[in-house]
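To start, the structure itself, in C-alpha cells.
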Amino acid sequence: MNSAESLVPARQFMLEFSQLTGLDPAGIQPRRYLWTDAFAVCNYLEFFSRTNDKTSLNLALRLVDQVHHTLGQHRMDDPRTGWISGLSAREGELHPTRGGLRIGKSLRERGPNEYYHAQQEWDRDGQYFHYLTKWMHALNRVGQVVGDRKYNAWAIELAHAAHAGFTYLPPGRDRKRMYWKMSIDLSYPLVLSMGQHDPLDGLVTYHELQLSTARESDQTGPPDLIQEIAEMTEINRGLDLFTDDPLGIGGLLSDASRLVQIMIKGGPQGNGLLESVLDSAHAGLVSFTGSNALRLPASHRLAFRELGLSIGLSGIEKLRELIENNPDIFGNTNPLQYPLYGLLEYVPLKEKIEQFWLDPKNRKFSSWIEHRDINLVMLATSLAPGGFLQI
C-alpha cells in the first residue's frame, strides 16, 4: 500500500476515534488520554499537510484545547477543582501546562498513604513522564504548523514542570534520577523506579523544543532548557537502552529519527547517543523477531505495542537518506553504518504488522476492543507517520 492509498484508512480510523472519544461531535465529558491524544494531534496535522483540509487542522486544535481543559484540570471525582497547577482560572487558560497533565486513567490516583497494588496501579491516574514528552512534541508540531509561538511556550512550560517534578537527587549520589510515575499535582511519587527510556525521551524532546525556540526567536543567549538538558544528559550517561518489547524498540527508532533531524538542524553532535540508540534498537529487533511473537493469533497480541514498532520502522528509510545526504555531519564512513544497515532488513515488518491489524477479523477480539482508542490512533499513525516523526 503506497502513502496515498494508506491515507484513506488512516483518516477513517481517526474519524472513528474522534466520534468514540467525544472530540467530534464534542461530548459533554470527552474521554481524553494523553498518550493517545498526542499521536492523534500529529495525525491530524499530517492530514492537513497532505490535503490542506482545514477540518483536520481544526480537529488538532480542538483536541489540544480538550486535553488541556480535561487533563490539565482535576478529575470529576476529585474534591479538588480547577487547574492541577493551582493557578487561577484566568492564569490557567494562559498557562495550561504549567502543572503538567494527567494521564487520563479510569481510576483516581493512589493517595500518599494508600497501599500500593502493582496491578491496580496501571489503572490509576497520575502523571507519566513519557506521556508528557509525547505531548510536548505534539504541541511543538502544532506551533510549527500554525505559526503560533504559544504552543512552543506551552511545551517549554510543560518541560520545566515535568523535569522539576520527576527528577530528584538520591542521597549520597552526584547525579539525578527519575521517578516513573508521579501524583496528579506532582507532589509525591507513585512509582519509585525509573522508566527505562524516559531519560532518552526527555533529552531528545528538550533538544527538539530548544531548537524550535531558537529558530522562532533568533535568540543568541543561553537556551531556555540548558539546565534541564545538562541534567538529562547526565541521567542518560551509561544507561542500558536494550529492550525486546516492540513498543520500546519503536520508541528507540522514533527517537533516532528525531535525533538525526536535530543534529542536521544544529543540535549536539558526536556524543555517541545516536549510535547507542541504533545499536540497542537493532539488538532488540533481533531478539523480538526471534521470539516469533508476530505469529501468534490476534487474541494473544496487543496491537498498539506492535504498531509502536511499525511507526518506528517507518522512519528508517528517511533516516538513512538524511545520514547519507549529510556527510559533513555523519561522515562518508561512520560507525552508524552497521546498525543502520542492519535495521533496513527489518523494514518489511512494518507492512506485515499493518496488514495484520487492517484485517477486520483481527479487530474483533478483546485484545483490540479493550484498547480500541489507542489502537485506532496508532494504526493511523503507522499508515501516515509523517506528522509524528517530523520535528
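Positive-end ranking of Ile84, Leu132, Ile103 along the dipole of region 51-147, with charges on Cβ about the Cα centre, is headed by Leu132.
Relative to the Cα centre, the charge distribution of the chain, modelled as +1 at Lys and Arg Cβ and -1 at Asp and Glu Cβ, gives a dipole magnitude of about 700 debye.
Ordering Tyr44, Thr21, Gly238 by Cα displacement along the dipole of the chain toward the positive end leaves Thr21 in first place; charges were set at the Cβ atoms of Lys, Arg (+1) and Asp, Glu (-1).
Suppose a student asked you for the relative contact order of region 83-184, using Cα pairs under 8 Å spaced at least 6 residues apart; what percent would you report?
Values: 131 pairs, mean separation 29.9, N = 102.
Rounded, it is 29 percent for region 83-184.
Using Cβ point charges alone (K and R +1, D and E -1), the dipole size of region 17-97 about the Cα centre works out to roughly 40 debye.
In summary, the lysines within cross-link reach of Lys364, defined as a Cα separation below 23 angstrom excluding same-chain residues under 8 places away, comprise Lys350, Lys352.
Only counting other Cβ atoms within 10 Å, I'd like Met136, Met194, Met1, Met178 sorted with the fewest neighbours first.
In order of increasing Cβ crowding within 10 Å: Met1, Met194, Met178, Met136.
Given +1 at the Cβ of Lys and Arg, -1 at the Cβ of Asp and Glu and no other charges, the dipole of region 141-248 around its Cα centre is 160 debye to the nearest 20. Between Gln227 and Lys176, the distance separating the two model label sites (each 7 Å from Cα on the Cα→Cβ line) works out to 0.9 nm. When peptides 283-295, 342-354 are ranked by their average number of other Cβ atoms within 10 Å per residue, the highest-first order is 342-354, 283-295. Summing charges over neighbours of Leu343, with a neighbour being any other residue whose Cβ is under 11 Å away from its Cβ, gives -2 when K and R count +1 and D and E count -1. Projecting the Cα atoms of Gly72, Pro339, Leu7 onto the dipole axis of the chain, where Lys and Arg carry +1 and Asp and Glu carry -1 at the beta carbon, places Gly72 farthest toward the positive end.
Ranking of Leu274, Leu61, Leu383 by neighbouring Cβ atoms within 10 Å, starting from the fewest: Leu61, Leu274, Leu383. When shorter helices are ignored and each DSSP H run of at least 4 residues is given -39500 (n - 2.57), the per-residue value for the chain at 222 nm works out to -18500 deg cm²/dmol. Cross-link pairs exceeding 19 Å between alpha carbons, from the set Lys105/Lys181; Lys134/Lys176; Lys54/Lys318; Lys105/Lys134: Lys134/Lys176; Lys54/Lys318.
Bear in mind these aren't lab numbers, they're just calculated from the coordinates by the rules spelled out. Since we're looking at a predicted model, the values are computed, not measured. We place every Cβ from the backbone using ideal geometry, glycine too, and count neighbours over all the protein chains shown.
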